[in-house]
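A.B. asks: Sharing a structure with you now.
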Amino acid sequence: MEITVIIPVKDRRDYIGKTLDSIMKSSEQPTEIIIVDNESTDGTYQFCEQYIKDIPNATLLRETFPGAAAARNKGLKSCKTDWVYFFDSDDEFDPDFISVLNSLNVDDYDMIAVPTKMQVKGKTIVRNYIPSSDPRVQITAGVLNTQGMVFRTSFLKDIGAWNTECRIWDDWELGLRAILHQPNILWYKERDFHLINVHDDSITSKSFSENYKALIRTLAVALTDLQSSILQPLSSYHAQHLNCIYPHLDQLIYPLYLRTNILLGKMQREKMTYKNKNYKLASKALKIFRNDHFHPTKSQKRVANLLRLYTKYGGRGTWRIALAICQAEHKSR
């Protein structure tokens with residue numbers, strides 16, 4: 001398998017060396033490595049330039065438009081291999097990952113999905129991984145993440161690549177958009193890969209309230225994906241292949257509505273006062289649904305509110321509850 005690994009990087013001078021070291025220790029090397037610097041100011045570009053000077057299959061590029069999505073798209077434009085994989089600049093690459101990919105028969109697939117693990121405060125946990133192409137699973141659980149998706153390059157370009165409007169959860173949005181095109185996905189189940197490090201500088205280590213505006217923007221982008229696709233294709237390529245688009249898009253807005261309410265509960269758990277910021281957050285988040293003419297029933301509102309309150313007061317596993325509710329509702333139709 002010919003595969004390019006693309007790494008966006010911004011101000012990761014203290015982390016990128018360890019990441020590149022882990023890739024260099026792979027039992028089998030990727031065909032090409034593309035590093036895309038996103039306007040670093042801490043010497044990251046110079047460090048990467050020095051690091052790869054004697055590595056013939058490594059390239060260093062620059063992207064001035066802010067955001068990891070833009071940097072990934074810059075690398076994608078330079079990708080010449082049939083397959084492409086995106087990795088973050090502060091994580092550790094599994095030494096057997098490429099060799100495992102090379103052992104697979106991928107001729108008939110558009111994507112490969114793999115389990116990954118993450119390290120938080122010294123504890124290693126396996127991230128959510130449900131081998132399912134049901135878009136409701138991606139909406140509620142976010143099982144497809146940056147390091148969990150390997151793309152056939154032509155397929156990723158056909159569906160529009162990474163969305164630069166998303167400054168956080170861009171992988172969640174891309175995973176959902178990919179599934180809406182009903183690709184043939186190879187779900188790998190044998191083991192998990194890599195070590196995703198959550199540290200003080202990680203965007204995921206910030207509170208929900210700190211990431212609030214970016215989160216709502218991504219939710220709005222996802223809602224636009226669903227609403228617009230009811231009437232038109234998700235990409236120019238699929239305008240010629242309408243049978244490739246998921247046929248029940250209208251049934252996915254309710255799962256997204258539940259997801260939004262769960263996020264509100266997480267933000268409320270951070271002890272914001274109801275009369276002040278909390279009420280405004282809820283109004284703004286749910287407004288994206290009202291603007292797009294989604295009118296939940298009283299029963300749907302009740303369920304969403306219960307999930308929000310359950311999350312607010314420390315309840316766990318709400319995404320599993322939301323997924324079960326959505327699947328049960330679909331079966332009853």
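The values are calculated or read from the model by the stated rules, or taken from the named source; none is laboratory data. Note that the structure is a prediction, hence the values are computed from the model and not measured. Neighbour counts run over all protein chains shown; Cβ positions are idealised from the backbone, glycine included. Please note that ligands, DNA and RNA were not included when accessible areas were found on the heavy atoms of the full protein model with its side chains. Shrake-Rupley method; radii C 1.70, N 1.55, O 1.52, S 1.80 Å.
A.B. asks: I'd like the residue in segment 185-200 that is outside any strand (DSSP E or B) and at pLDDT below 95 and, out of all such residues, is least open to solvent (accessible area, probe 1.4 Å). Before the answer, list the steps.
C.D. replies: Residues of segment 185-200 outside any strand (DSSP E or B): 188-192, 199-200.
Retained after the next criterion (residues that are at pLDDT below 95): 199-200.
Numbers: HIS199: 34, ASP200: 147 Å².
Among those that are outside any strand (DSSP E or B) and at pLDDT below 95, it is HIS199.
A.B. asks: Could you list, in sequence order, the residues of segment 101-157 that are of a type in the set (D, E, K, R), open to solvent by 50 Å² or more (accessible area, probe 1.4 Å) and under 23 Å from LEU258 (Cβ atoms)?
C.D. replies: Across segment 101-157, the qualifying residue is only ARG127.
A.B. asks: I've got another one for you. What tally of residues in segment 148-161 results from selecting those that are modelled with pLDDT of 95 or more and either assigned to a loop (DSSP other than H, G, I, E, B) or charged (D, E, K, R) (or both)?
C.D. replies: Number satisfying all stated conditions: 1.
A.B. asks: Exactly one of (1) in contact with a Pro (Cβ under 6 Å, 6 or more places away or on another chain); (2) over 20 Å from MET1 (Cβ atoms) is unmet by ILE130. Its number?
C.D. replies: Exception for ILE130: condition (1).
A.B. asks: Something else about it: For segment 162-182, give me each residue that is in a loop (DSSP other than H, G, I, E, B) and aliphatic (A, V, I, L, M). Before the answer, list the steps.
C.D. replies: Looking only at segment 162-182, we keep the residues that are in a loop (DSSP other than H, G, I, E, B), and these are 162-169, 181-182.
The answer is ILE168, and nothing else.
A.B. asks: For segment 15-50, enumerate the residues that are without any contact (Cβ under 8 Å) to a residue 24 or more places away in the chain and open to solvent by 70 Å² or more (accessible area, probe 1.4 Å).
C.D. replies: Matches in segment 15-50: GLN46, GLU49, GLN50.
A.B. asks: Give me the helices (runs of 4 or more DSSP H) completely within segment 30-138, filtered to those with at least 1 residues that are more than 30 Å from ASP250 (Cα to Cα) and touching a Phe, Trp or Tyr at 6+ places or on another chain (Cβ under 8 Å), ordered by residue number.
C.D. replies: Details: elements: 44-51, 68-78, 97-102.
Because the criterion is at least 1 residues that are more than 30 Å from ASP250 (Cα to Cα) and touching a Phe, Trp or Tyr at 6+ places or on another chain (Cβ under 8 Å), the helices (runs of 4 or more DSSP H) in segment 30-138 that meet it are 68-78, 97-102.
A.B. asks: State all residues of segment 29-43 that are of a type in the set (Asp, Glu) and at positive phi; if no residue qualifies, say none. Step through it out loud before you land on a result.
C.D. replies: Filtering segment 29-43 for residues of a type in the set (Asp, Glu) gives 32, 37, 39, 42.
Passing the criteria: only GLU39.
A.B. asks: Hey, another quick one. Let me confirm something: among ILE139, ILE216, ILE203, ILE230, which residue is at pLDDT 85 or above and among the aliphatic types (A, V, I, L, M)? Please lay out each step first, then the result.
C.D. replies: On the way: ILE216 fails: at pLDDT 85 or above; ILE203 fails: at pLDDT 85 or above; ILE230 fails: at pLDDT 85 or above.
The conditions single out ILE139.
A.B. asks: Considering only segment 30-53, state which residues are among the charged types (D, E, K, R) and under 15 Å from ALA68 (Cα atoms).
C.D. replies: ASP37, GLU39
A.B. asks: THR81 fails exactly one of the following numbered conditions: (1) touching a Lys or Arg at 6+ places or on another chain (Cβ under 8 Å); (2) in contact (Cβ under 8 Å) with a residue 60 or more places away in the chain. What is the number of that condition?
C.D. replies: Here THR81 meets the rest and fails (1).
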